[in-house]
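Inspection log for the structure reproduced underneath, given as structure tokens.
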């Protein structure tokens, strides 16, 4: 099993919370099945975001642009909050002043985005990756973070897929093949 320490972690002291695709209309095939799992994850992510902010650590929303190429993140939040299936998630996880935003065109938060540059500027060496879907965008983002030698944690209570089985398989894959830390969210941003 690979080490979870991450080479970057030695030089970079901060931990960032990545909130992946939780500002989401869930209007796609499978969105209805994802919804109850995403709601449970949203509650845990909201608590984790409060803890991260309280410690002065960055919270970065890494979100699909839903093919709205001329929209910025705040427009996407407003659109999702306006009567979509995912409006409750957007309300639960509303960004606050001081949070960061990266729009992504594909599954990984790193592919064709400025995420890596932002994390470098923020002195981040460790990532806590949360959001949806565990077996899609979370897996892709965590894999790319691992390949870039970040220390990565994916708390199982802060990710969701269309079924618990799909989410569990993806978490186990990340743990077993890349050595990604899969401790629960109560162990992220803990004192000490």
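The values are calculated or read from the model by the stated rules, or taken from the named source; none is laboratory data. Worth saying up front: this structure is predicted, and the values here are computed from it rather than measured. Ideal geometry is used to build each Cβ from the backbone, glycine not excepted, and the neighbour counts take in all protein chains shown.
Residue 83 is checked against (1) part of a loop (DSSP other than H, G, I, E, B); (2) in contact (Cβ under 8 Å) with a residue 12 or more places away in the chain and fails just one. What number does that condition carry?
(2)
So if I check each of 56, 83, which one is modelled with pLDDT of 95 or more, more than 15 Å from the chain's Cα centre (by Cα) and at positive phi?
56
Conditions (1) in a helix (DSSP H, G or I); (2) crowded, with 16+ Cβ neighbours inside 10 Å; (3) touching a residue at least 40 places away in the same chain (Cβ under 8 Å), marked per residue:
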| residue | (1), (2), (3) |
| --- | --- |
| 66 | no, yes, yes |
| 74 | yes, no, no |
| 131 | no, yes, yes |
| 136 | yes, yes, no |
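Quick one: what pairs do we get from the range 176-190, first residue at positive phi and touching a residue at least 24 places away in the same chain (Cβ under 8 Å), second surrounded by 15 or more Cβ atoms within 10 Å (Cβ to Cβ) and in a loop (DSSP other than H, G, I, E, B), C-beta under 6 Å, 6+ apart or different chains?
Pairs found: 179/4.
Within the set of pairs 6 or more residues apart or between chains, which connect a residue that is without any contact (Cβ under 8 Å) to a residue 40 or more places away in the chain and at positive phi inside the range 18-39 to a residue that is in a loop (DSSP other than H, G, I, E, B) and buried (at least 20 other Cβ atoms within 10 Å of the Cβ) with Cβ atoms less than 8 Å apart?
So the pair list comes out empty.
When only residues in the range 88-128 that are part of a helix (DSSP H, G or I) and touching a helix residue (DSSP H, G or I) at 6+ places or on another chain (Cβ under 8 Å) count, which is surrounded by the most Cβ atoms within 10 Å (Cβ to Cβ)?
So the first thing to find is which residues in the range 88-128 are part of a helix (DSSP H, G or I), and the list is 88-92, 115-121.
The next check asks that each one be touching a helix residue (DSSP H, G or I) at 6+ places or on another chain (Cβ under 8 Å); those that pass are 88-92.
Numbers: 88: 16, 89: 28, 90: 22, 91: 13, 92: 16.
Here the residue is 89.
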